[in-house]
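Chemist: The structure follows.
The values are calculated or read from the model by the stated rules, or taken from the named source; none is laboratory data. Fair warning: this is a prediction, and the values are worked out from it, not measured in the lab. Because the Cβ atoms are built from the backbone with ideal geometry, glycine has one as well, and the counts that use them run over all protein chains shown.
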Amino acid sequence: MKIMVAVKRVVDYAVKIRVKADKSGVETSNVKMSMNPFCEIAVEEALRIRESGAASEVVAVSVGPAQCADTLRTALAMGADRAIHVDSGALAPLLPLSVAKILKALAETERPGLMILGKQAIDDDCNQTGQMVAGLLKWPQGTFASKVLLDKEKQVATVEREVDGGLETLSLDLPAVITTDLRLNQPRYATLPNIMKAKSKVIKKVSLEELNVEIKSDLEVVQVTEPPKRKAGVILSSVDELIDKLKNEARVL
Amino acid sequence: MSAGAHIISGNVFEPRALDELIPNWKSEGAPIEVPVSSDKFLLLTKGQALPLPSPFDNKGNYVISLSQVVRWLACKAEEIGVEIYPGFAASEIIYDNNQKVVGVGTNDMGVAKDGSKRETFQPGVELKGRVTLLAEGCRGSLSEKIIRDHKLRDKGQGQHQTYALGIKEVWEIEEVKHKPGSVLHTVGWPLDSKTYGGSFLYHMKDRQIALGLVVALDYHNPYLSPFDEFQKLKDHPSIKPLLEGGTVLEYGARTLNEGGFQSIPFPVFPGGAIIGCSAGYVNVPKIKGTHTAMKSGMLAAEATFRVLAEGDPMETYWDSLKKSWVWEELHKARNYRPAFKFGLLPGLAFSALERYIFRGRVPLTLKHGKPDHEATEVASLHEPIQYPKPDGIVSFDVPTSLYRSNTNHEHDQPVHLRLKDPAIPELVNLPLYAGPESRYCPARVYEYVADEHNAPKLQINAQNCLHCKACDIKDPRQNIEWTVPEGGGGPGYTAM
């Protein structure tokens with residue numbers, strides 16, 4: 001069975017981000033980029049499933065401009081067998097629905113038994129792509145996975161999900177889509193020898209035309225602004241003063 | 001984990017070495033685009049600024065972000081087949097049976113704070129080669145070991161190395177205040193006449209400016225906090241108006257060499273050589289070390305080629321260094337910095353004489369004063385300095401500044417700042433020197449906190465470390481040893 005893992009190149013989580021002067025988005029030029037942390041967890045889970053014998057191949061996929069190759073090389077260095085880069089070129093960062101359509105097209109060619117994605121990207125926090133891909137493919141989905149157990153014989157994945165009330169356990173018939181949450185695993189370091197080997201591995205390039213996917217943006221980012229600066233707190237002297245402020249200043253009563 | 005992430009420098013760049021290395025750097029898209037447009041020099045007092053004739057000649061030089069230029073150079077290197085692996089720390093030298101250096105070893109990754117192996121443990125790897133060149137920057141952890149073990153200071157120019165700590169911010173200021181290429185240096189306030197140092201303010205492009213304070217580490221007062229002196233500087237009437245209405249983009253700090261000509265070690269060892277600031281080629285009166293560091297690398301590369309292709313000895317690197325413009329330049333500049341051991345005014349007076357009359361031709365070579373760590377006087381001879389509280393507009397506290405350095409380390413790892421004797425901080429540093437490490441560290445890694453018996457104990461917040469090496473240099477008993485943390489950790493400079 002083949003596992004397809006979708007990975008995204010995002011601003012590194014330790015970087016202090018700022019909004020561009022024209023408020024069109026976050027400044028990404030001259031900023032350190034890395035693989036989305038949840039995508040790292042997805043790659044790790046795929047590798048563990050392959051190492052347990054339940055899968056034969058891990059294919060890493062990324063959608064974006066040329067620099068996506070760096071992210072795919074990290075996946076290869078971690079241990080992925082193959083990598084596919086869907087070049088979206090100059091098109092603005094693609095929104096989840098477009099990415100989901102592309103992943104659907106790839107799934108129909110590659111025919112994986114399992115697709116694993118990070119639950120969300122730390123740049124847009126959309127938390128939509130996994131769910132949309134499952135919907136388009138009409139595959140079952142287990143999102144926010146904190147534990148995954150694969151039964152190769154029965155072709156079933158048992159997924160423990162982190163939900164508001166606690167943990168929910170689902171049983172999914174393969175092929176299925178799983179999105180990873182933080183507690184699922186601790187991703188391995190890409191070792192230096194593996195990074196060296198990954199440099200010479202071939203990354204397959206696929207264009208949007210080949211996939212027959214039309215990218216149509218239904219959403220337009222109008223403006224991005226920083227959150228308002230936190231104002232200093234005020235120490236009040238009585239409950240009456242508190243009620244007065246809540247009523248007349250904060251207007252929440 | 002990308003090239004340039006640990007690179008921080010002023011920087012007014014002299015393209016002399018780059019012109020030799022990549023003559024058409026302009027058409028190759030080098031981020032070297034802002035020529036110096038003006039050059040000012042001020043002597044500051046608490047409220048005033050006295051213009052002095054600029055001792056610098058920056059015609060033909062550029063205001064750059066060295067971090068950006070290094071990233072560009074890394075691309076150029078990879079284009080011709082060089083393999084670069086950022087994010088892996090060289091933690092040890094590998095010797096063969098004949099005491100020849102045959103490579104370096106990276107440190108283990110995934111080691112927990114208590115030394116046990118975490119789930120993600122990966123052993124370090126050995127990288128072996130016929131020639132190993134060490135380019136760790138100022139006070140390199142492996143370079144210092146090699147210099148010590150092979151007695152390279154004695155074999156070289158003979159003097160110990162001396163250092164300064166540079167603390168820097170990149171600001172985005174209001175358009176109307178921005179003059180690309182504008183270069184300003186100051187001396188005097190906030191530093192006193194016994195403390196060598198000064199500030200720099202360079203206008204880059206895109207409304208960005210580089211602003212910093214450099215404090216020589218041979219300062220005497222253990223209560224001095226270079227970080228707080230930097231905050232004071234920004235309040236000066238000749239600097240504050242420029243910053244108002246602006247935003248800080250990045251913060252960082254790094255030590256730099258000031259020993260110059262007298263402190264150059266013999267940079268060759270069996271199996272390799274030391275290049276760049278790990279050896280120490282900064283031209284202190286010019287405040288430039290990038291061009292000489294690059295040239296030293298180029299000369300070492302040419303020597304390495306001769307070693308590999310013709311079996312020549314690596315010593316030809318030293319020979320070619322002594323015949324190069326690096327040697328000539330550093331020789332001419334050799335007496336400026338040592339003259340300041342007599343104080344600010346004698347130093348300035350001598351500098352003027354050197355600059356306009358002697359030009360390095362005086363038939364004597366001044367020696368340095370005491371090594372930096374021995375220059376700290378006991379706290380009882382000094383008064384604690386009352387530093388003003390940060391205003392949050394132009395001055396800030398350390399946590400706020402640290403956040404802007406994009407510094408990150410894996411939390412669960414052994415502390416990379418090693419105490420040779422764990423008792424010394426409470427036995428010597430605190431009672432005699434009032435714990436100077438809690439003041440000179442620009443990341444506040446070192447803190448004395450009360451333990452369960454209410455006795456002060458040194459706490460090392462290694463995660464904050466900016467990799468500046470000030471503690472390795474300035475600790476009075478040389479008890480702190482900076483070692484490499486787990487690969488991938490450290491500051492994340494992009495515009496520094």
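Chemist: Would you mind finding the one in B:Gly158, B:Gly198, B:Gly181 that is touching a helix residue (DSSP H, G or I) at 6+ places or on another chain (Cβ under 9 Å) and of a type in the set (Gly, Ala, Ser)?
Modeler: Unique residue meeting the criteria: B:Gly158.
Chemist: Same structure again: Select from the range B:390-415 the residues that are closer than 19 Å to A:Asp12 by Cα and in a loop (DSSP other than H, G, I, E, B) and write down the one among them that is farthest from the other protein chains (Cβ to nearest Cβ).
Modeler: B:His411
Chemist: For the range B:375-389, check the following and say yes or no: at least one residue is more than 14 Å from every other protein chain (Cβ to nearest Cβ), buried (at least 19 other Cβ atoms within 10 Å of the Cβ), touching a Ser or Thr at 6+ places or on another chain (Cβ under 7 Å) and not small (Gly, Ala, Ser).
Modeler: no
Chemist: If you take the residues of the range B:23-57 that are among the charged types (D, E, K, R) and not in a strand (DSSP E or B), which of them is farthest from B:Asp192 (Cα to Cα)?
Modeler: That would be B:Glu28.
Chemist: What is the residue count in the range B:242-258 for residues that are crowded, with 22+ Cβ neighbours inside 10 Å and either within 14 Å of another protein chain (Cβ to nearest Cβ) or of a type outside the set (A, V, I, L, M, F, W, C) (or both)?
Modeler: 7
Chemist: Looking at B:Thr106, B:Thr132, B:Thr162, B:Thr186 in this structure, which one is modelled with pLDDT of 95 or more, more than 14 Å from chain A (Cβ to nearest Cβ) and under 30 Å from B:Phe305 (Cβ atoms)?
Modeler: The match here is B:Thr132.
Chemist: Separate question: Go through the range B:151-201 and count every residue that is among the polar types (S, T, N, Q) and assigned to a loop (DSSP other than H, G, I, E, B).
Modeler: Counting residues in the range B:151-201 that are among the polar types (S, T, N, Q) and assigned to a loop (DSSP other than H, G, I, E, B) gives 6.
Chemist: Right, another one. Of all residues in the range B:461-483, how many are in contact (Cβ under 8 Å) with a residue 60 or more places away in the chain and within 14 Å of chain A (Cβ to nearest Cβ)?
Modeler: Residues flagged as in contact (Cβ under 8 Å) with a residue 60 or more places away in the chain and within 14 Å of chain A (Cβ to nearest Cβ) within the range B:461-483 amount to 2.
Chemist: Sticking with this one: Of the conditions (1) of a type in the set (Val, Ile, Thr); (2) more than 14 Å from chain A (Cβ to nearest Cβ); (3) part of a loop (DSSP other than H, G, I, E, B), B:Ile94 satisfies every one except a single condition; which number is it?
Modeler: (3)
Chemist: Picking from A:Ala46, A:Ala55, which residue would you name as being away from every other protein chain (no Cβ under 14 Å), in contact (Cβ under 8 Å) with a residue 12 or more places away in the chain and in a loop (DSSP other than H, G, I, E, B)?
Modeler: A:Ala55
Chemist: Run A:Leu117 past the list (1) under 23 Å from A:Glu209 (Cα atoms); (2) in contact with a Leu (Cβ under 9 Å, 6 or more places away or on another chain) and report the number of the one that doesn't hold.
Modeler: (1)
Chemist: I'm trying to understand the selection: among the residues of the range B:1-56, which are hydroxyl-bearing (Ser, Thr, Tyr) and within 14 Å of chain A (Cβ to nearest Cβ)?
Modeler: B:Ser2
Chemist: Something else: What pairs can you find where one residue is in the range B:178-192 and closer than 11 Å to B:Leu43 by Cβ and in contact (Cβ under 8 Å) with a residue 60 or more places away in the chain, the other is outside any loop (DSSP other than H, G, I, E, B) and of a type in the set (Lys, Arg), and their Cβ atoms are less than 9 Å apart, with a gap of 6+ or different chains?
Modeler: B:His185/B:Lys40; B:Thr186/B:Lys40; B:Trp189/B:Lys232
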